[in-house]
Amino acid sequence: MLNIIYVMVKGVGSVRSEEEIITMLKEASKLRDRWLQVLTDKTWADDSEMRRAIRNYNALRGVIKSLRWVLRQPMAGNPLY
């Protein structure tokens, strides 16, 4: 049985299948891991590159937490905290 998840964005409804959300979760995890590698590489050209990596890494952590919450995965927690 295909699970359908209804998402409200600015008053406009959007329907995404569970498979689509899982695909987004995998992509976000890969991107987060790439930014983590940039952070741990420590060969930044300047501090702005490091700040950009930190900002993107943390943003993707929030995206991943939200997608896990939407999928009702155990231990996902509330994405607002």
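The values are calculated or read from the model by the stated rules, or taken from the named source; none is laboratory data. Quick caveat: nothing in here was measured; it's all calculated off a predicted structure. Counting neighbours? That spans all protein chains shown, and the Cβs are built from the backbone with ideal geometry, glycine included.
Here are the numbers:
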| read-out | value |
| --- | --- |
| Residue list for region 50-71, restricted to those being assigned to a helix (DSSP H, G or I), in contact (Cβ under 8 Å) with a residue 12 or more places away in the chain and within 20 Å of S17 (Cβ to Cβ) | V63, I64, S66, L67, R68, V70 |
| Region 52-70: number of residues that are under 22 Å from R34 (Cβ atoms) and in contact with a helix residue (DSSP H, G or I) (Cβ under 8 Å, 6 or more places away or on another chain) | 10 |
| Yes/no for N56 being of a type in the set (S, T, N, Q), within 15 Å of the chain's Cα centre (by Cα) and surrounded by 14 or more Cβ atoms within 10 Å (Cβ to Cβ) | yes |
| Hits in region 6-57 (condition: at pLDDT 85 or above and among the β-branched types (V, I, T)) | I21, I22, T23, V38, T40, I54 |
| When residues of region 28-49 are limited to those that are hydrophobic (A, V, I, L, M, F, W, C) and in contact (Cβ under 8 Å) with a residue 12 or more places away in the chain, the one nearest to R16 (Cα to Cα) | A28 |
